[in-house]
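Shown next, in structure tokens, is the structure this report addresses.
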Amino acid sequence: MPRLDPRSPLVFDTRELGRRPGSMHPEQRVVEAPEDLGTDVIAVAPGTPVDLDLRYESVLEGVLVTGTITTTATGACVRCLDPVTLPVEATFQELFAYAERAARHEQVAADDGDDDVRELEGDLLDLEPVLRDAVVPTLPFQPVCRADCPGLCSECGAHLAEDPDHHHEVLDPRWSALQALTSNEEKRN
């Protein structure tokens, strides 16, 4: 298992908190967004500022981290392909268990198949997976530039918002033989 780098912006040191249940420590930090924070359609671009408003609380099992994440996601409208920029705000609450508590939990929960326990590595905790788990589900599955976006013309790709009266003459294929007759008649005259 790779060791956490205490210099990483999403790795936090909990030594100041201590192991006294009930002690709390608030922290605010602005970090750069990590890679892969979103989907192919909309995401928080790597390097985008992410505001973290955190509260660490020492509990018997470990450190309970409660926080709010505020940032901006960018992508493309699924109807017209114009750029979309959306504010993102997500909240989370995650328990980081002390190593001995996590080991005990693994013994007890082995029968349950529940192995979603985040563990402190010494006094360090890594918020990157928590950040990803909190932000990605808040992003829209199909982002739109506006709720009433008409999209693109299915025939030629024109922006329907720029030309609301845009349309194509659509002939019923069953009448195509008659259309050919009228075209031939016009040529004779």
Within segment 68-81, track down each residue that is open to solvent by less than 60 Å² (accessible area, probe 1.4 Å) and of a type in the set (A, V, I, L, M, F, W, C).
Ile69, Ala73, Ala76, Cys77, Cys80
From the list Leu86, Leu52, which residue is at pLDDT 90 or above, in contact with a Lys or Arg (Cβ under 7 Å, 6 or more places away or on another chain) and within 30 Å of Cys145 (Cβ to Cβ)?
Leu52
Quickly run through segment 1-27 and pick out the residues that are free of Cβ contacts under 8 Å to residues at least 24 places away in the same chain and either surrounded by 14 or more Cβ atoms within 10 Å (Cβ to Cβ) or in contact with a Cys (Cβ under 8 Å, 6 or more places away or on another chain) (or both).
Pro9
If I go through segment 117-139 residue by residue, how many of them are assigned to a loop (DSSP other than H, G, I, E, B) and surrounded by 15 or more Cβ atoms within 10 Å (Cβ to Cβ)?
5
Applying the selection to segment 98-135, what residues are over 14 Å from Thr68 (Cα atoms) and at pLDDT 90 or above?
Leu124, Leu125, Asp126, Pro129
Checking Ala43 against (1) under 24 Å from Ser8 (Cβ atoms); (2) over 10 Å from the mean Cα position of the chain (by Cα), which test does it fail?
(2)
For the condition exposed (fewer than 12 other Cβ atoms within 10 Å of the Cβ) and either of a type in the set (Ser, Thr, Tyr) or in a strand (DSSP E or B) (or both), what is the one hit in Val50, Val65, Val30, Val84?
Val30
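The values are calculated or read from the model by the stated rules, or taken from the named source; none is laboratory data. What you see is a predicted model; the values in this text were computed from it and never measured. Here the Cβ is made from the backbone with ideal geometry for all residues, glycine too, and neighbour counts use every protein chain on show. Just so you know, the surface numbers come from the protein's heavy atoms only, side chains and all, with ligands and any DNA or RNA stripped out. Shrake-Rupley method; radii C 1.70, N 1.55, O 1.52, S 1.80 Å.
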